[in-house]
Each structure stands twice: as C-alpha cells, then as structure tokens.
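Structure first, then comments.
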Amino acid sequence: MIWFANDVVHFHQHEPCVYCIYCIPSHIGITGNEKADQAAKSALNLPNITSYPLPYSDIISSIKKHLFTRWQHLWHNSTSNKLHNIYPTLPINSNYPKAQLTRQEQTLYNRLRIGHTYLTHSYFLKDEDPPICVPCNSLLTVEHILISCIDFDIIRQNFYTASNLRDLFHNIHPKRIIFFCTRHWPY
Ligand SMILES: [Zn+2]
C-alpha cells in the first residue's frame, strides 16, 4: 500500500491532487456472496449436470501443469543423466542470461554442462580406450578438469573456485568457465 501511494504521488508530482484510500472488505460475511457460494456448492449434488462447451484456452494451464509434473517425475528418475546432477529440479535454467554468450560460447557451455566434449569422448569415434589424465592417473572427464585435476589447480583459481559441478554451474558466471577452457584446455 505504501509503495502504491508513493508511486501515485511520484507520478502526479506536478499535478497536485487529493487521493482517498478506502479499505475494501473481502467477500466473507457479505450476504449476497455467501448465498452465491452456497448455491455453487449445492449445485455439485444435482443428479443431472448439464455440460457446456468451454474454450480450449481454459484448459491450457492445466495441461501445462500436468505435463510439467510428468516431466519432473521422469527427470527425477533420470539419475544417470549427467545434467541431472547439476539441475536435480526442473526447469534447467542458468542464473545468467544466454544473451551474454556468443553462439560459439553457448555451444561450449552446453557441452560442458552435459559432460561431453571432443577431448573426453572422441575415443568412441576412434574405437580407443577412454583417455586418462596422466598426472592424476584417473579418467579424463569434464568434471575432472573443471573441478579436481591437480594439474589445473592453480590456473583454475584465477578464473573460479567451485567444489563440484552443481556449485560451478549455479554460482560461477559462464564467461569465467569459458575463459578457463578456451585459454588453458584443448576441449
Ligand atoms: Zn588430472
């Protein structure tokens, strides 16, 4: 109410006016509204209910809500999905607008989020063994390089500090992650 009053005063600051603010009671306790509520509830007990066609637009929000619930259920069970670890709850939104990234940067950022890059997954195409990070003697994955590789420990700190992928993709600006990759990692 205070915000609204200030806004009105600001809007009309050059045109002095007199404003009256009324408190309007809710419908509870008003005889006509109480009767209308009772009539609506009693209609539920009628033996024959007449059907009336409704515009399809009335049901769109219900369909959207139903589909979103089903999507969340499917997503909740997709625990092997790498993106699920980062975004356990839908929708999959970054805290940062995509408009801040070029098309090429968006592509790289999305590849990092799903954990698939040429460096880490080209062995499928070449029919080779999965790549190994020699200094760490562990599988070379996107998560390993972005979070835990000892070879990049000091360099990473120049761009960001994150304890896991969820922390990284929720709290670090995409540009910082992309700069780290494009300058120091042949992704
Ligand atoms: Zn390593």
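The values are calculated or read from the model by the stated rules, or taken from the named source; none is laboratory data. Since the structure is predicted, the reported quantities are computational estimates derived from the model, not experimental observations. Methodologically, a virtual Cβ is constructed for each residue, glycine included, from the backbone with ideal geometry; neighbour enumeration extends over all protein chains shown.
Which of the residues belonging to the stretch 124-149 are in a loop (DSSP other than H, G, I, E, B) and near the ligand (Cβ under 10 Å from one of its atoms)?
Quick first cut of the stretch 124-149, residues in a loop (DSSP other than H, G, I, E, B) only: 127-131, 134-137, 140-141, 149.
Scanning the stretch 124-149 gives Val134, Pro135, Cys136, Asn137, Leu140, Thr141, Cys149.
Scanning for something under 25 Å from Thr141 (Cβ atoms) and modelled with pLDDT under 90, does the stretch 98-105 turn up at least one residue?
Looking through the stretch 98-105, at least one residue is under 25 Å from Thr141 (Cβ atoms) and modelled with pLDDT under 90.
Just to be sure I understand the filter: pairs with C-beta atoms under 9 Å, separated by 6 or more residues or on different chains, first member in the stretch 152-165 and over 26 Å from Pro88 (Cα atoms), second member of a type outside the set (Phe, Trp, Tyr) and buried (at least 18 other Cβ atoms within 10 Å of the Cβ). Which pairs pass?
Phe152/Ile145; Phe152/Leu146
Take Ser94 and decide whether it is among the small types (Gly, Ala, Ser) and not in a loop (DSSP other than H, G, I, E, B).
no
Within the stretch 150-162, which residues are near the ligand (Cβ under 8 Å from one of its atoms) and aromatic (Phe, Trp, Tyr)?
Across the stretch 150-162, the qualifying residue is only Phe152.
Among the residues of the stretch 169-187, what is the count of those that are touching a residue at least 40 places away in the same chain (Cβ under 8 Å) and either crowded, with 19+ Cβ neighbours inside 10 Å or under 18 Å from Gln104 (Cβ atoms) (or both)?
Of the residues in the stretch 169-187, 11 are touching a residue at least 40 places away in the same chain (Cβ under 8 Å) and either crowded, with 19+ Cβ neighbours inside 10 Å or under 18 Å from Gln104 (Cβ atoms) (or both).
In the stretch 103-119, which residue that is touching a residue at least 60 places away in the same chain (Cβ under 8 Å) and touching a helix residue (DSSP H, G or I) at 6+ places or on another chain (Cβ under 7 Å) is farthest from the ligand (Cβ to nearest atom)?
Within the stretch 103-119, the match that is farthest from the ligand (Cβ to nearest atom) is Glu105.
Somewhere in the stretch 151-166, is a residue crowded, with 16+ Cβ neighbours inside 10 Å and among the aliphatic types (A, V, I, L, M)? Outline the logic, then answer.
Within the stretch 151-166, the subset crowded, with 16+ Cβ neighbours inside 10 Å is 152, 156, 159-160, 162, 165.
Subset that is among the aliphatic types (A, V, I, L, M): 162, 165.
The answer is yes, given that some residue of the stretch 151-166 is crowded, with 16+ Cβ neighbours inside 10 Å and among the aliphatic types (A, V, I, L, M).
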